[in-house]
Amino acid sequence: PATVDRLGANLARQAEHSLINALVGEDLAWKYALVRKLELLRAELGGPAPTPLERLLVERVAACWLQLHQADMLLAQNAGELTLAQGEYHQRCRDRAHKRYLSSIKALALVRKLALPVLQVNIADKQVNVCG
């Protein structure tokens, strides 16, 4: 899997790099900072031993984080130049990006919650359920 990722088959990273290039252009310092921020975000969200499903969801959270901030920047940078219709369009794009971001975070949290092992201990007539 690592070799396949290095050869460019990781579509999530390809999409991420395309979005970063569109966002920052030729600014190498900003490009490096965004790539590094996304690496840190993935490491923090993934934890020490994420499952394959958690890794997929962490990738989605990182992608949605980037898309949301791109939408915020576009709206903020062009706010004074947009017509009312254009402003509403950009606001809807931002709102949809925010919804996708929250949805991806919720999905990751749900997967982690459902993956907790449940231990049931029966002592005499009393039952004790212990989570993780």
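The values are calculated or read from the model by the stated rules, or taken from the named source; none is laboratory data. Everything quoted here is computed from the prediction, not taken from an experiment. Cβ coordinates were reconstructed from backbone atoms using ideal geometry, including for glycine residues, and neighbour counts include every protein chain displayed. To get the accessible areas, we keep the full protein, side chains included, count just its heavy atoms, and leave off ligands, DNA and RNA. Shrake-Rupley method; radii C 1.70, N 1.55, O 1.52, S 1.80 Å.
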Taking the stretch 78-100 only, how many residues are closer than 22 Å to Val35 by Cα and not small (Gly, Ala, Ser)?
3
Single residue of the stretch 26-55 satisfying the filter (open to solvent by 30 Å² or more (accessible area, probe 1.4 Å) and among the small types (Gly, Ala, Ser)) that is farthest from the chain's Cα centre (by Cα):
Ala29
Only one of (1) touching an Asp or Glu at 6+ places or on another chain (Cβ under 9 Å); (2) modelled with pLDDT of 95 or more fails for Arg13. Which number is that?
(2)
Quick one: which residue in Ala12, Ala107, Ala85, Ala62 is open to solvent by 50 Å² or more (accessible area, probe 1.4 Å) and either under 13 Å from the mean Cα position of the chain (by Cα) or not basic (Lys, Arg) (or both)?
Ala85
Write out, first by first residue and then by second, each pair whose Cβ atoms fall under 6 Å of each other, whose residues are 6+ apart or on separate chains, and whose first residue, in the stretch 47-76, is more than 18 Å from Leu19 (Cα to Cα) and basic (Lys, Arg) while the second is modelled with pLDDT of 95 or more and open to solvent by less than 30 Å² (accessible area, probe 1.4 Å).
none
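In the set Leu108, Leu116, which member is more than 16 Å from Ala63 (Cα to Cα) and at pLDDT 65 or above? Full working, then the answer.
Working: Leu108 fails: more than 16 Å from Ala63 (Cα to Cα).
Of the residues listed, the single one that is more than 16 Å from Ala63 (Cα to Cα) and at pLDDT 65 or above is Leu116.
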